[in-house]
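Report on the following structure.
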Amino acid sequence: MKIVACNSNLPLAQAVAEELHLPLCKVTVRRFADAEVFVEIHENVRGEDVFVIQSTCSPTNDNLMELLIMLDALRRGSARRITAVMPYFGYARQDRKSGPRTPISAKLVANLLVEAGANRILTMDLHAMQIQGFFDIPVDNLYAAPLFVRDIRARLPGESLMIVSPDVGGVVRARQLAQRLNTDLAIIDKRRERAGVSEVMNVIGDVSGRHCVLVDDIVDSGGSLVNAAEALIRRGAAMVEAYVTHGVLTGTAVERIGASPITMLTLTDSIAKTEAVRAAHNIRQISIANLLARAMSAVADESSVSSLFD
């Protein structure tokens with residue numbers, strides 16, 4: 001078993017390697033003068049079970065090309081099995097035709113990964129579960145919910161909690177968390193006028209006096225999350241926090257969240273911290289390194305990955 005790290009999230013890759021008590025494979029990933037990606041593997045991988053850790057976050061296309069070229073290098077180096085470990089799967093929001101003459105980019109990325117040499121995909125909280133069906137190879141989709149449950153129980157004992165889904169599409173995710181915590185569920189009914197712009201329409205559920213916890217898979221511009229938090233405060237919520245798996249946080253998202261009623265936004269480290277996130281007073285990260293390490297061990301040992309969530 002060998003672990004290879006590309007450049008998108010080296011701290012997470014190093015943490016996973018420490019959890020597994022294995023060194024990272026010696027590789028070079030650099031750019032030519034014209035920004036072409038060059039990869040060189042400095043260890044023998046023939047017959048090895050190799051795991052490549054790379055989130056395809058911003059700069060998305062650069063990180064995706066790094067991953068594809070690394071997969072090709074490993075395949076040509078005769079690795080026995082190559083697992084692409086993608087804590088954050090970029091392009092997952094383009095999972096269907098949203099209008100005439102538009103692409104299904106998530107399917108294209110799936111084809112590219114398989115063609116480049118991936119034999120298996122290990123990812124976390126896919127934006128759309130049907131993406132697993134875009135692949136003709138095994139896909140293991142891990143869940144951050146158990147980590148969130150443990151963290152909420154440790155940080156908010158005795159609080160009158162209310163789990164809140166920021167939109168109708170996230171109800172299943174929020175309901176699972178509410179069931180684990182044995183608490184109530186509320187739903188934000190919103191209308192999205194265009195991409196990146198949302199307007200809260202209604203709050204379904206009585207949140208008065210409750211400590212509300214918004215749960216989502218991705219926070220991008222932060223607009224939906226902030227609008228939801230403001231609506232909850234208007235409806236009498238005592239406090240609003242948020243737990244989100246992937247902190248994409250584009251543009252002025254960090255500043256928007258900093259100025260919002262959100263007391264604390266908790267993210268996983270599926271995407272590496274930026275300087276803005278480090279400096280933010282109400283954003284924190286929890287690590288998924290242990291969960292990834294246990295899942296990778298299960299894959300290597302041919303044991304059950306789903307048992308990690310029983």
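The values are calculated or read from the model by the stated rules, or taken from the named source; none is laboratory data. From a predicted model like this one, the values you see are computed outputs, not experimental measurements. Every residue, glycine among them, receives a Cβ derived from its backbone with ideal geometry; neighbour counts consider all protein chains shown. Heavy atoms of the whole protein, side chains included, go into the accessibility calculation; ligands, DNA and RNA do not. Shrake-Rupley method; radii C 1.70, N 1.55, O 1.52, S 1.80 Å.
Taking amide hydrogens as modeled 1.01 Å from N in the peptide plane, which residues meet the under 5 Å criterion relative to Ile218, leaving out close sequence neighbours?
HN-HN under 5 Å from Ile218: Thr245, His246.
How high is the relative contact order of region 2-142, in percent, with contacts defined as C-alpha pairs under 8 Å that are six or more residues apart? The partial results should precede the final answer.
Numbers: 271 pairs, mean separation 28.3, N = 141.
RCO, region 2-142: 20 percent.
Per residue, how big is the convex hull of the chain when only Cα atoms are used? Give it in Å³. Walk me through the intermediate numbers first.
On the way: hull volume 43.3 nm³, N = 310.
Spread over its residues, the Cα hull of the chain gives 140 Å³ apiece.
Just to be sure I understand the model, the point goes 7 Å from the Cα along the line to the Cβ. What's the resulting Thr28 to Ala238 distance in nm?
My value for the distance between the label points is 6.0 nm.
Can you give me the accessible area per residue for the chain, using a 1.4 Å probe, in Å²?
Details: 14110 Å² over 310 residues.
Each residue of the chain exposes 46 Å² on average to a 1.4 Å probe.
Convert 4 °C to kelvin, take the viscosity as 1.567 mPa s, use the Kirkwood radius over C-alpha pairs of region 2-142 as Rh, and evaluate the Stokes-Einstein diffusion coefficient in µm²/s, rounded to a whole number. It would help to have the intermediate numbers written out before the result.
Values: Rh = 15.4 Å.
The estimated diffusion coefficient comes to 84 µm²/s.
Remind me, relative contact order of the chain in percent, using alpha carbon pairs under 8 angstrom and six or more residues apart?
Working: 624 pairs, mean separation 41.5, N = 310.
The normalised contact order for the chain reaches 13 percent.
When the expected Rg is taken as 2.2 N^0.38 Å, what fraction or multiple of it is the alpha-carbon Rg of region 145-286? Provide the component values of the computation, followed by the final result.
On the way: Rg = 13.8 Å, N = 142, 2.2 N^0.38 = 14.5 Å.
That works out to 0.95 for region 145-286.
Using only the Cα atoms of region 64-215, what do you get for the radius of gyration and for Dmax, in Å?
My reading of the Cα-based Rg and Dmax gives 19.2, 60 Å.
Given the chain, what count of lysine pairs have C-alpha atoms under 24 Å apart, with each pair 8 or more places apart or on different chains?
Details: Lys2/Lys26; Lys26/Lys273; Lys97/Lys107; Lys97/Lys190.
Count of close lysine pairs: 4.
Take the solvent-accessible surface of the protein heavy atoms, probe 1.4 Å, and return the percent of it on region 145-286 that carbon and sulfur atoms account for.
Values: 2990 of 6270 Å².
Ligands and nucleic acids excluded, carbon and sulfur give 48 percent.
If each residue of separation counts as 0.36 nm, what is the full-extension length gain between Val172 and Asn44 once their alpha-carbon separation is subtracted? Can you show the working numbers first?
On the way: separation 128, 0.36 × 128 = 46.08 nm, distance 4.43 nm.
41.6 nm is the gain from fully extending Val172 to Asn44.
Work the Kirkwood hydrodynamic radius out for region 225-310: mean of 1/r over every pair of different alpha-carbon atoms, inverted, in Å.
Details: mean 1/r = 0.0675 Å⁻¹.
Mean inverse Cα-Cα distance, inverted, gives 14.8 Å.
Along the positive direction of the dipole of region 145-286 (beta-carbon charges: Lys, Arg +1; Asp, Glu -1; about the Cα centre), which of Leu249, Thr274, Gly158 reaches farthest?
My answer, from the dipole projection, is Gly158.
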